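The values are calculated or read from the model by the stated rules, or taken from the named source; none is laboratory data. The model shown is predicted, which means the values in this text are computed figures rather than measured ones. When we count neighbours, we look across all protein chains shown, and the Cβ atoms used for this are built from the backbone with ideal geometry, even at glycine.
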C-alpha cells in the first residue's frame, strides 16, 4: 500500500508538475494568468491524433509536429490576443478562457465529440517494488522528471534561461541590463506551451482524449501554482508532487469520490491561511 | 431630442417593451427565453455589485445561485413552499454563504480570489454529488411549486422580480455606497486612509451580491420546477455569468444586466447555426474583450452624443485610453 502510494503518486506528481510549470512560468515572467494553458495540453493530444492516426505518420515525427504546432498556436494566441489586454488581469483571464472554449468547440466540430485514443510509444507492464504499472505511465514519469531537470538546468545554467528569470524578477532592470524582454516573453510562452504539450502527448494515451479534456488539468495547474506560490517554479514542483501523493493516497485509502474534494479543500485552506502559497514570497495580485 | 438616449430613458423604454411583450407576440418559446434572460440579468447584476464594483472577480457565483435554489428544493420536500416566501429564504441562505466565503477571503483578490471562489463552488458541487441521497445527486430534486399555472403570469412575475432586484442593485451602486465600493477597487489603501472601513464594505458587497444570486436561483427553481447541479450549481453557470457581465460591461449594474439580455437573445438567434453557434458565441466574447474593454453596453452608451453625456475629453480615459498606461507586467515593454 505504501509503495502503491509512493509510485503512483510520483507518476501523477510528475504529470502535474509538467502542467503546472508552464503556467507558473507565464505568471512569473509576464504576470499572466493564462487560462488557455489547458488547451495546449488538449491540442497536443488532438494534433498527435491527426498526424499519427489520421495521416499515419511515424509516431516520433507526429509528436514532434504536434509539439511544434502547439508552440506555434501559443505564440499566435499571445500576439493576437493576450498582448492586447495585458494591462488588465481580469481581461486576460476572460479572453483566454473564451479562447479555450472557442478551441473546444472548434475541435468538437472538426473531430467530433466522442472519445478518441492515440497510440503510445510503449506497451506492456513493468514491476517496481512489487507494484505493477503500465509502461506508458512509467514513460510519462521518466519524461516528466527529465523535463523538470532540463528546465532546471536551462533556467540556472544558460544565458537565455537566466534572462527569463531576470525578466521575471524585474522587467525594467532586465531591460537596462541589455536583456531583450520581448524575446524572453516569447521564449517563456513557447516553453510553457511545450511542457503542457508534452504532458498531452505522453499522458493522453492512457487518459481520455475529448474536447473537454482541458478544463480539469487547467484548474489543477492553477491550484498547484497558487499552492506552491505564484511565480515560484520549485514551489510548483513541490505542490505538484504533494497533490500527486495526496490524490493517490486518498483514492486508495478512502475512495475516488472524495479525492477531488480533499484536494480542493486543501487549496481553499491554503488560500485562506497563507495566500502566498508554500514557497511564495509576498501577495502581489 | 438627443436627451431621449440617456441611459435611464433607454432602460424605461426597454422595461415597457418587456412588459408589453406578451401583447406583441403569442410565441411562448420567445417568452420562455425572456424569462431566462430576466433571471440571468439578476445573476449578472448581482455578480457585478461585488466583482465589477470592488474588483474582486468571483469565479464561483454558482455557489450562491445554488445555495438559494437548493434551499427551496429542501424546503419543498417538507411542504410546497410558494415563491413569495422562498425568494427571501433563498436569498438569505445565499447571503449566509456569502458571509461564510466572504470573511475568510477578504485578503484575496485577482487570481487568488478567482481560484478560491472556483474551489468553493466546486466543493459545493462535489458535496451535492456525494450526498446524493439527500440532494438527488445528478438527478437533482423535482416537485417544486411552479410560479403560476398560467405561463403568462410566470412571465410577468419574472419581469417584476428582475425590475425590483436590478432596481435595488442599481440604487446601491449609485448611492454613496457604490462609490465606496469603487474606491476599494481603485486603491484600497487610500480608501482605508480616508477613513473607510473597507472590511465592512467588502463583506457587505459579498453578502448583497450573494443575496440576489440566491433569490434569483430560488426563482429559477420555481420556474423550472427542478433543482440540479446542471441548472444552478455548475461551473459553466459561474462562467456564463462572468461572460455576460463582462460583455455587457462591469461596474454599472445596468451594463452587466444588458449583457445578459444581449447574450441570451444572441445565443437563441445563433442556435440556427447548429454546431457552430457556440463557436460564434465564444468568438464574439473574445472580440468584445479585445476591442471593447469596457463592455458592449458601456462602450455604446459612452459613444452616444448629447449635451447631457460626458465631456469631449472622455475618450482619453475611455476604451482606447489605456494604451498609454504601462501595466505591471509590461514595464520594460515589448518592442
Screening B:168, B:196 for residues that are closer than 22 Å to residue B:99 by Cβ and not in a helix (DSSP H, G or I) leaves only B:196
Expected single match for at pLDDT 90 or above and either crowded, with 17+ Cβ neighbours inside 10 Å or over 20 Å from residue A:19 (Cβ atoms) (or both) among A:146, A:197 is A:197
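For every residue, the table says whether it meets (1) outside any helix (DSSP H, G or I); (2) more than 9 Å from chain B (Cβ to nearest Cβ); (3) over 14 Å from residue A:26 (Cα atoms); (4) at pLDDT 80 or above.
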position	(1), (2), (3), (4)
A:188	no, yes, no, yes
A:202	no, yes, yes, yes
A:244	no, yes, yes, yes
A:282	yes, yes, yes, no
**Prompt:** Based on what the data block shows, is residue B:42 crowded, with 21+ Cβ neighbours inside 10 Å and either away from every other protein chain (no Cβ under 14 Å) or in a helix (DSSP H, G or I) (or both)?
**Reply:** yes
Picked from segment A:166-182 (must be in contact with a helix residue (DSSP H, G or I) (Cβ under 8 Å, 6 or more places away or on another chain) and without any contact (Cβ under 8 Å) to a residue 12 or more places away in the chain), the residue nearest to residue A:20 (Cα to Cα) is A:171
- Within segment A:206-229, is there a residue that is touching a residue at least 40 places away in the same chain (Cβ under 8 Å), farther than 30 Å from residue B:124 by Cβ and part of a helix (DSSP H, G or I)? yes
Scanning segment B:117-127 residue by residue, those touching a residue at least 24 places away in the same chain (Cβ under 8 Å) and either closer than 15 Å to residue A:225 by Cβ or facing chain A (nearest Cβ under 7 Å) (or both) turn out to be B:118, B:119, B:120, B:122
Checking the structure you have, find out if any residue of segment A:228-239 is buried (at least 21 other Cβ atoms within 10 Å of the Cβ) and within 9 Å of chain B (Cβ to nearest Cβ).
yes
Reported set for segment A:112-134 where residues are buried (at least 16 other Cβ atoms within 10 Å of the Cβ) and out of contact with any helix residue (DSSP H, G or I) (no Cβ under 6 Å at 6 or more places or on another chain) is A:133, A:134
Scanning segment A:98-111 residue by residue, those at the interface with another protein chain (Cβ under 7 Å from one of its Cβ atoms), touching a residue at least 24 places away in the same chain (Cβ under 8 Å) and crowded, with 22+ Cβ neighbours inside 10 Å turn out to be A:99
Selection from segment B:285-317 of residues out of contact with any helix residue (DSSP H, G or I) (no Cβ under 7 Å at 6 or more places or on another chain) and at pLDDT 80 or above yields B:287, B:291
Among (1) within 14 Å of chain B (Cβ to nearest Cβ); (2) in contact (Cβ under 8 Å) with a residue 60 or more places away in the chain; (3) more than 30 Å from residue B:275 (Cα to Cα), residue A:88 falls short only on (2)
Of the residues in segment B:126-166 that are within 18 Å of residue B:71 (Cβ to Cβ) and buried (at least 21 other Cβ atoms within 10 Å of the Cβ), the one that is modelled with the lowest pLDDT is B:147
